[in-house]
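My questions will all concern the structure given below.
The values are calculated or read from the model by the stated rules, or taken from the named source; none is laboratory data. Predicted model, so just to flag it, every value in this text is computed and none were measured. Quick reminder, even Gly has a Cβ in these numbers, built from the backbone with ideal geometry, and neighbours come from all protein chains shown. Surface accessibility is based on the protein's heavy atoms, side chains included, excluding ligands, DNA and RNA. Shrake-Rupley method; radii C 1.70, N 1.55, O 1.52, S 1.80 Å.
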Protein chains: 2
Amino acid sequence: MTATDVRPAAVPPEGAESETEQVPALDAGAPESGRVDVDALSRLLLGQWADIRTKSRAAATDERIVRDDSLPFEGQRERVFGQLKLLVEGGHVLRAFPSRLGGEDNPGGNIAGFEELAVADLSLQIKSGVQWGLFGAAILHLGTPEQQDRLLPGAMNLSVPGAFAMTEIGHGSDVASVGTTATYDPETGEFDLHTPFRGAWKEFLGNAGRDGVAAVVFAQLVSKGVNHGVHAFYVPIREVGPDGRAAGFLPGVGGEDDGLKGGLNGIDNGRLHFTHVRVPRENLLARYGQVAEDGTYTSSIQSPGRRFFTMLGSLVQGRVSLDGASGVVSKMALAIAVRYANERRQFAGAGLDEVVLLDYGRHQRRLIPRIAETYAMSFAHEELLALFDDVFSGRKDTPETREDLETMAAALKATSTWFTMDTLLEAREACGGAGFIAKNRLTQLRADFDIYTTFEGDNTVLLQLVGKRLLGDYAKQFKGASAGDIAKLVAARAADSALHGSGLSRAAQAISDAGSARRSAGHLRSEETQRALLTDRVQVAVAELGAALRPASKLDPQAAFDLFNDHQHELVEVSRAYGHLLKWEAFTRALATIEDAGTRQVLTWVRDVYGLSLVEREIGWYVVNGRLSAQRARTVTGYLDRLVRRLRPHAQDLVDAFGYGPAHLRAEIATGIEKERQDEARAYYREERATGRAPISEKALQKSSKRA
Amino acid sequence: MTATDVRPAAVPPEGAESETEQVPALDAGAPESGRVDVDALSRLLLGQWADIRTKSRAAATDERIVRDDSLPFEGQRERVFGQLKLLVEGGHVLRAFPSRLGGEDNPGGNIAGFEELAVADLSLQIKSGVQWGLFGAAILHLGTPEQQDRLLPGAMNLSVPGAFAMTEIGHGSDVASVGTTATYDPETGEFDLHTPFRGAWKEFLGNAGRDGVAAVVFAQLVSKGVNHGVHAFYVPIREVGPDGRAAGFLPGVGGEDDGLKGGLNGIDNGRLHFTHVRVPRENLLARYGQVAEDGTYTSSIQSPGRRFFTMLGSLVQGRVSLDGASGVVSKMALAIAVRYANERRQFAGAGLDEVVLLDYGRHQRRLIPRIAETYAMSFAHEELLALFDDVFSGRKDTPETREDLETMAAALKATSTWFTMDTLLEAREACGGAGFIAKNRLTQLRADFDIYTTFEGDNTVLLQLVGKRLLGDYAKQFKGASAGDIAKLVAARAADSALHGSGLSRAAQAISDAGSARRSAGHLRSEETQRALLTDRVQVAVAELGAALRPASKLDPQAAFDLFNDHQHELVEVSRAYGHLLKWEAFTRALATIEDAGTRQVLTWVRDVYGLSLVEREIGWYVVNGRLSAQRARTVTGYLDRLVRRLRPHAQDLVDAFGYGPAHLRAEIATGIEKERQDEARAYYREERATGRAPISEKALQKSSKRA
């Protein structure tokens, strides 16, 4: 690894050297107005379950719980398995389970606590997610009370480590099509669980490689010659050895270890397959579907499709919690990168002193908009978690709230996990070579976090789910409408198109702007303008997509498929824009709750940076669709630059408020070490100059000899 | 890791199931016209040094040379060190060195061979880059012939593993400011090499952690009280043990191991520091600067600044080779992802069969534009390498060609390494959970490649170097021009601004388009249109920046710094656009050399996808600056979608032509294993249906009972 040889353009012209020493302080450029109350903001970010979050965050600094990079492959697994026991003992992971079994009936608080485990190690987080959030949660949500009583205690106290055997190597996103079958045999009162071909091996399952002694297996339930669709079965898979740990596979069960992965190597992912394994009838998790002794299938949900989605929907907490984990990881990454950017100096500025990285315009642009998006993400997640708790506590459990929850979880999980991967990449680069050293943590976080974008729902597939919901809502506008109503709607839409598309409104805007960038900027700063722009982006695109796809119902299957397929890319993009809108709205609502005026002022700028970053990213759409005049569009970037610069003095406060200190970050460069080194170097040169020991530079010598 | 539960929007409406089985073949949608001659295209991509490239690529499949994921930390280092010896024995790494010392005086061929080592393992590539491309090359380019004769043999035959000690923990990009000093002592005829503070420790050096017995150390050369700037010194650092391997540090030398990194763990990066280490005068690498016995400094280059940049410029091959390595890695990543996308099926289509991933519009959009950019990158790299060879063979070695080479290397290295990181991310996601398994190689490539974006020049700093060159060229237009000339230029610029900015040309374009998307698309397909758009993007932005920065020379240092800093972000962005333009032009030139009509046709579409992807990414700029009417801008995405779909049947050919088969890719999912699994599953269901064994679905039963 070597370095480069150029001075950035920010270096002043030759001869600009000054002999007076200027020390641009960390707070160079005093805040124009406003000052963040870091503690109060920190409390706001902790949200509704602040106590649990704080407790879990503190537990995640326990030296027995944190990641140990020095361990080899098997050692990592063994350490993480041991850590799960500590989590049980510490009471950190059972909050979602029923009080009657030792839990707390606290679904929201449970997720809040879970999210903070990312501070210790993402392997630990996901391994505990497998045990209690998937294996345990499947028993909780898909089992009957009797099954909960019988099967949950072992899952909860970890005497039964379990796998969540849903995905197959041949079917990931399309769970409805898994190949594993569970065929009821009324002769024995058992299901025959079977893997019919290689593609139906269960795959990528945490706890399957080594530790699991049971699994919740998803299979096609067949009885009396009828396939009732995918159901979950509780299946012991391994013997338990004398030490209480998993030993060999039980008869009929087989599998393999997934071996080394790109990350999360503290988890023993593996594959499972079943050769006519007998499962007692009582082990069908029977909340949503039961098979009587004679093989008669019954369910409270008549439609097989709705039944399937209800069952899977009960497991939405995985997505909710990954959205929250994204927030934790982004916050940590930015806390590391901003601290380093505030201490690291490179290239001389106008004075003798070298410039702190975060004083460079480009560096501000790399980090500050990502701080803004992280705030948006955090506030939106708090709303998502509240909705989740409303539904799963039973307080507001309706089909509509469930549907809202699933859509919001999908939109936020997809956009948040992508954003976090991007932030981890940028943070690593912004820390240069230091970012690549494992003890500065960024590379390991990225390696582990990577898979978050495709598990618990591949982001691309999730956004299509969101898109279908948006299209469905759009279609409802037309439902039950008379021909006259529809004509009016269409006319309104057409007028809108004419107004925006023809450039008329653009011309009007250009005139009203009258060339004043300041006034345009004032317009952009307005909450209403931002909302209108971001909302329009979604609404117009949904309307266009809806119109484009309307003919599908009259086409033959292949033509209908092709029509959808032609618009699949747009559908994903509009859903992504919707996810961002949700975050912007949540941020805006959160602003209203801030009492301290200085904090509210600064956070309003942060919100504006988020909103205008979104507009800037898709500035072409806004201009092409007549939402911004070319003139006003030009001001977006300039205004954003000004806002970013204005936030620069607050950057450290904004990441400090995330609440992750050196003990959480465990990154050497986030401990002040770079500042020590820079200060020592500056003191050395100051001393050299003061004592006249410093050699004269050849350049200076040449100049003076020319003068002579 | 679990899965998700939604069917993408591409699924046809309920009831669309067809009983006739359709098998969308891999080539579904026969090529409209044109067919790639894969072998001929493959030869074209091999370029000028095809033989060396082929030989190196083949050597990189040697089982002794390839990466072994199973090894622990120390084992990886030991394996890679052993592999370096094999490279020497195989004659793969000495081509750049002088014939008189056993080399081949072949700088271009040497880099071509080096690039292909990425096929084996990026640790191997970079460790050999440290030994021969940095340590050896520094002796070659900065040493005198006598020093070459004395010092190169050990570097070449690996009896002297060496570190390239330029970067310090306190100074990476700003090499001119390193803290290490080498003060000449005329009493003893030695330099006193010293590390004055912690920030001046040499850092991140390959070979410094364990294997290095010497180093080329960059330090401020001080003699007779004058600092002559950074020079390179050949410095033994460790004892050589009886086994010929590095033993303890020599007196005065100290250091530490960098330990675990985010990737490249086959390399022993480490730190070094020096406490008044005595270095003989003869070990100053003296090509560009010499110190006489009495301490008199002389140099053939009068200006200290130009001398410094000349010395560093002689080491440009690092950047050239990383641009090439980016191409190799992107090609491998896409070969893996496209093969998988052509075999993996998910969700039923219009028929009973499930749809191959690459038949989805969104999946095409994820992979095909990246194939296009990889082609552009590959052709541009071939031009860069030819220029490098022209300069370093001495055939065309002038200050101008050196400057062009350095600018082009910076622009391409920065854009290519960023693109490759993005491609590795997208390829991993496109392969879902399978992409995360180490044996499918994508995660490991990304972990190792990560640092390429910031070493051999941080991309952000490199693009500023490019930007300064662009601004300099722009300023030359004004140099020596009379006031009248300048007025004319300014008037022309203003007219241009008025024409484009006021919307007049846009209005004219809208009228000429006359609402015909087809005709607009025809326009976009034109090479001249693409060139004009991409060139305008750079020229206009440079002109605007030049105008904005002009006042700097009249400002005080701080104000000048602030002015540059306010435009730093734009400067980086315009340089990035310039890098893309270079690639587009190289692609276009390469098209003209293709004789086979079918291949030329397909590659022309590929070039168009690249060009229009660039336009689409910055569509806002084109509209805001009046280069595209809103109407025409709307057609860009639609036309790009059509082109991408047209290329879909050629995708496999296009990645096959990269020339990397299973032996190079070493990814299980690139071996046909997914197709086997999918075929087996489809055969199973076909058989079940044929024999009537398949259970009837509950849904079908409900429908038929409703009918009854």
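Taking into account only those residues within segment A:577-592 that are part of a helix (DSSP H, G or I) and open to solvent by 50 Å² or more (accessible area, probe 1.4 Å), which is farthest from residue B:357 (Cα to Cα)?
Within segment A:577-592, the subset part of a helix (DSSP H, G or I) is A:577-591.
Adding the requirement that they be open to solvent by 50 Å² or more (accessible area, probe 1.4 Å) leaves A:578, A:589.
Details: A:578: 25, A:589: 40 Å.
The extreme case among them is A:589.
With respect to residue A:665, determine if the residue is closer than 30 Å to residue A:342 by Cβ and free of Cβ contacts under 8 Å to residues at least 60 places away in the same chain.
Working: closer than 30 Å to residue A:342 by Cβ: yes; free of Cβ contacts under 8 Å to residues at least 60 places away in the same chain: no.
In short, no.
Sticking with this structure for a sec: Any chance segment A:593-604 includes a residue that's within 15 Å of residue A:542 (Cβ to Cβ), assigned by TED's automatic domain parsing to the domain that holds residue A:639 and not in a helix (DSSP H, G or I)?
Step one: list which residues in segment A:593-604 are within 15 Å of residue A:542 (Cβ to Cβ), which gives none.
No, because not a single residue in segment A:593-604 is within 15 Å of residue A:542 (Cβ to Cβ), assigned by TED's automatic domain parsing to the domain that holds residue A:639 and not in a helix (DSSP H, G or I).
Turning to a different aspect of this structure: For residue A:393, state whether it is hydroxyl-bearing (Ser, Thr, Tyr), under 24 Å from residue A:104 (Cα atoms) and either open to solvent by 20 Å² or more (accessible area, probe 1.4 Å) or in contact with a Leu (Cβ under 7 Å, 6 or more places away or on another chain) (or both). Walk me through it before giving the result.
Working: hydroxyl-bearing (Ser, Thr, Tyr): yes; under 24 Å from residue A:104 (Cα atoms): yes; either open to solvent by 20 Å² or more (accessible area, probe 1.4 Å) or in contact with a Leu (Cβ under 7 Å, 6 or more places away or on another chain) (or both): yes.
So residue A:393 passes the test.
Restricted to segment B:210-265, and to residues that are among the charged types (D, E, K, R) and open to solvent by 30 Å² or more (accessible area, probe 1.4 Å), which residue is nearest to the other protein chains (Cβ to nearest Cβ)? Working first, answer last.
Filtering segment B:210-265 for residues among the charged types (D, E, K, R) gives B:210-211, B:224, B:238-239, B:243, B:245, B:256-258, B:261.
Those still in the list that are open to solvent by 30 Å² or more (accessible area, probe 1.4 Å) too: B:210, B:224, B:239, B:243, B:245, B:256-257.
On the way: B:210: 15, B:224: 9, B:239: 25, B:243: 26, B:245: 23, B:256: 11, B:257: 11 Å.
If we take residues in segment B:210-265 being among the charged types (D, E, K, R) and open to solvent by 30 Å² or more (accessible area, probe 1.4 Å), then B:224 is nearest to the other protein chains (Cβ to nearest Cβ).
Still on this structure, please answer the following. Looking at the structure I just gave you, is residue A:374 hydroxyl-bearing (Ser, Thr, Tyr), closer than 23 Å to residue A:470 by Cβ and either open to solvent by less than 10 Å² (accessible area, probe 1.4 Å) or more than 14 Å from chain B (Cβ to nearest Cβ) (or both)? Let's see the steps before the verdict.
Numbers: hydroxyl-bearing (Ser, Thr, Tyr): yes; closer than 23 Å to residue A:470 by Cβ: no; either open to solvent by less than 10 Å² (accessible area, probe 1.4 Å) or more than 14 Å from chain B (Cβ to nearest Cβ) (or both): yes.
No.
Hey, another quick one. Among the residues of segment B:186-209 satisfying the criterion of being away from chain A (no Cβ under 14 Å) and not hydrophobic (A, V, I, L, M, F, W, C), which is least open to solvent (accessible area, probe 1.4 Å)?
Kept after step one, since they are away from chain A (no Cβ under 14 Å), are these residues of segment B:186-209: B:186-190, B:193.
Filter once more, keeping what is not hydrophobic (A, V, I, L, M, F, W, C): B:186-190.
Values: B:186: 76, B:187: 163, B:188: 75, B:189: 20, B:190: 52 Å².
The residue in question is B:189.
Could you check, for segment B:441-448, whether at least one of its residues is more than 9 Å from chain A (Cβ to nearest Cβ) and assigned to a helix (DSSP H, G or I)? Spell out the reasoning first.
From segment B:441-448, those more than 9 Å from chain A (Cβ to nearest Cβ) are B:441, B:445, B:448; that's our starting set.
Restricting the remaining residues to those that are assigned to a helix (DSSP H, G or I) gives B:445, B:448.
Within segment B:441-448 (the criterion being more than 9 Å from chain A (Cβ to nearest Cβ) and assigned to a helix (DSSP H, G or I)), the answer is yes, since at least one residue qualifies.
Within segment A:296-312, is even one residue open to solvent by less than 20 Å² (accessible area, probe 1.4 Å), more than 11 Å from chain B (Cβ to nearest Cβ), outside any helix (DSSP H, G or I) and touching a residue at least 60 places away in the same chain (Cβ under 8 Å)?
no
I would also like to ask the following. Where residues in segment B:283-295 are open to solvent by less than 20 Å² (accessible area, probe 1.4 Å) and not in a loop (DSSP other than H, G, I, E, B), which of them is farthest from residue A:446 (Cα to Cα)?
B:291
Right, something else. Considering segment B:98-120 alone, what residues qualify as being open to solvent by 10 Å² or more (accessible area, probe 1.4 Å) and either assigned to a helix (DSSP H, G or I) or within 24 Å of residue B:336 (Cβ to Cβ) (or both)?
Within segment B:98-120, B:99, B:100, B:101, B:107, B:110, B:114 meet the criteria.
Right, next: How many of the residues making up segment A:684-703 are facing another protein chain (nearest Cβ under 8 Å) and part of a helix (DSSP H, G or I)?
Qualifying residue count, segment A:684-703: 5.
Could you tell me which residue of segment B:606-617 is surrounded by the fewest Cβ atoms within 10 Å (Cβ to Cβ), considering only residues that are of a type outside the set (Asp, Glu) and within 11 Å of another protein chain (Cβ to nearest Cβ)? Step through it out loud before you land on a result.
Our first condition is that a residue be of a type outside the set (Asp, Glu); within segment B:606-617, this holds for B:606-607, B:609-615, B:617.
So of that shortlist, the ones also within 11 Å of another protein chain (Cβ to nearest Cβ) come out as B:615, B:617.
Working: B:615: 23, B:617: 13.
Only one residue fits best here, namely B:617.
Sticking with this structure for a sec: Can you give me the number of residues within segment A:135-168 that are more than 14 Å from every other protein chain (Cβ to nearest Cβ) and in a loop (DSSP other than H, G, I, E, B)? Break it down stepwise before answering.
Taking segment A:135-168 as the starting set, the residues that turn out to be more than 14 Å from every other protein chain (Cβ to nearest Cβ) are A:139-140, A:143-161.
Next, from what is left, pick out any that are in a loop (DSSP other than H, G, I, E, B): A:143-144, A:158-161.
Here the count works out to 6.
What's the total number of residues in segment A:51-70 that are modelled with pLDDT under 95 and more than 26 Å from the chain's Cα centre (by Cα)?
Matching residues across segment A:51-70 total 1.
Here are some residues: A:574, A:623, A:644, A:636. Which one is among the β-branched types (Val, Ile, Thr), part of a helix (DSSP H, G or I) and within 30 Å of residue A:43 (Cα to Cα)? Before you say what the answer is, go through the steps one by one.
On the way: A:574 fails: within 30 Å of residue A:43 (Cα to Cα); A:623 fails: within 30 Å of residue A:43 (Cα to Cα); A:636 fails: within 30 Å of residue A:43 (Cα to Cα).
Step by step, each of A:574, A:623, A:644, A:636 is checked, and only A:644 is among the β-branched types (Val, Ile, Thr), part of a helix (DSSP H, G or I) and within 30 Å of residue A:43 (Cα to Cα).
Somewhere in segment B:682-696, is a residue closer than 30 Å to residue B:116 by Cα and among the aromatic types (Phe, Trp, Tyr)? Quick ask: steps written out before the conclusion?
Looking only at segment B:682-696, we keep the residues that are closer than 30 Å to residue B:116 by Cα, and these are none.
No, that holds for no residue.
Out of (1) modelled with pLDDT under 95; (2) in contact with a Lys or Arg (Cβ under 9 Å, 6 or more places away or on another chain); (3) more than 14 Å from chain A (Cβ to nearest Cβ), what's the single condition that is false for residue B:505?
(3)
Conditions tested, residue by residue: (1) closer than 19 Å to residue A:598 by Cα; (2) away from every other protein chain (no Cβ under 14 Å); (3) surrounded by 21 or more Cβ atoms within 10 Å (Cβ to Cβ).
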position: A:619; (1), (2), (3): no, no, yes
position: A:633; (1), (2), (3): no, no, yes
position: A:640; (1), (2), (3): no, no, yes
position: A:646; (1), (2), (3): yes, no, no
position: A:650; (1), (2), (3): yes, yes, yes
position: A:653; (1), (2), (3): yes, yes, no
position: A:658; (1), (2), (3): yes, yes, yes
position: A:662; (1), (2), (3): no, yes, no
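OK, next. Looking at residue A:61 and the list (1) among the hydroxyl-bearing types (Ser, Thr, Tyr); (2) assigned to a helix (DSSP H, G or I); (3) open to solvent by 10 Å² or more (accessible area, probe 1.4 Å), which single condition is not satisfied?
Unmet for residue A:61, out of (1) among the hydroxyl-bearing types (Ser, Thr, Tyr); (2) assigned to a helix (DSSP H, G or I); (3) open to solvent by 10 Å² or more (accessible area, probe 1.4 Å): (2).
Turning to a different aspect of this structure: When segment A:322-349 is examined, which residues are found to be within 12 Å of chain B (Cβ to nearest Cβ) and among the polar types (S, T, N, Q)?
Within segment A:322-349, A:346 is the sole residue that qualifies.
Let's see how each residue does on (1) over 30 Å from residue A:265 (Cα atoms); (2) charged (D, E, K, R); (3) within 7 Å of another protein chain (Cβ to nearest Cβ); (4) assigned to a loop (DSSP other than H, G, I, E, B):
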site: B:379; (1), (2), (3), (4): yes, no, no, no
site: B:382; (1), (2), (3), (4): yes, yes, no, no
site: B:402; (1), (2), (3), (4): yes, yes, no, no
site: B:405; (1), (2), (3), (4): yes, no, no, no
site: B:408; (1), (2), (3), (4): yes, no, no, no
site: B:451; (1), (2), (3), (4): no, no, yes, no
site: B:476; (1), (2), (3), (4): yes, yes, no, no
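Could I ask something else about it? Looking at segment B:542-577, which of the residues that are within 17 Å of residue A:637 (Cβ to Cβ) and among the polar types (S, T, N, Q) is farthest from the other protein chains (Cβ to nearest Cβ)?
Of everything passing the filter in segment B:542-577, B:575 is farthest from the other protein chains (Cβ to nearest Cβ).
Are any residues in segment B:360-373 part of a helix (DSSP H, G or I) and closer than 26 Å to residue B:675 by Cα, and if so, which ones? Reasoning before the result, please.
Quick first cut of segment B:360-373, residues part of a helix (DSSP H, G or I) only: B:361-373.
Hits for segment B:360-373 are B:361, B:362, B:363, B:364, B:365, B:366, B:367, B:368, B:369, B:370, B:371, B:372.
Taking only segment A:338-359 into account, find how many residues are in contact with a Leu (Cβ under 9 Å, 6 or more places away or on another chain), buried (at least 23 other Cβ atoms within 10 Å of the Cβ) and not in a helix (DSSP H, G or I).
Result for segment A:338-359: 2.
Right, here's the next one. Identify, from the list B:436, B:392, B:419, the residue that is of a type in the set (Phe, Trp, Tyr) and within 17 Å of the chain's Cα centre (by Cα).
Numbers: B:436 fails: within 17 Å of the chain's Cα centre (by Cα); B:392 fails: within 17 Å of the chain's Cα centre (by Cα).
Exactly one of B:436, B:392, B:419 is of a type in the set (Phe, Trp, Tyr) and within 17 Å of the chain's Cα centre (by Cα), namely B:419.
A further question on this structure: Do you know which of the residues in segment B:127-161 that are more than 16 Å from residue B:290 (Cβ to Cβ) and among the charged types (D, E, K, R) is farthest from the chain's Cα centre (by Cα)?
B:149
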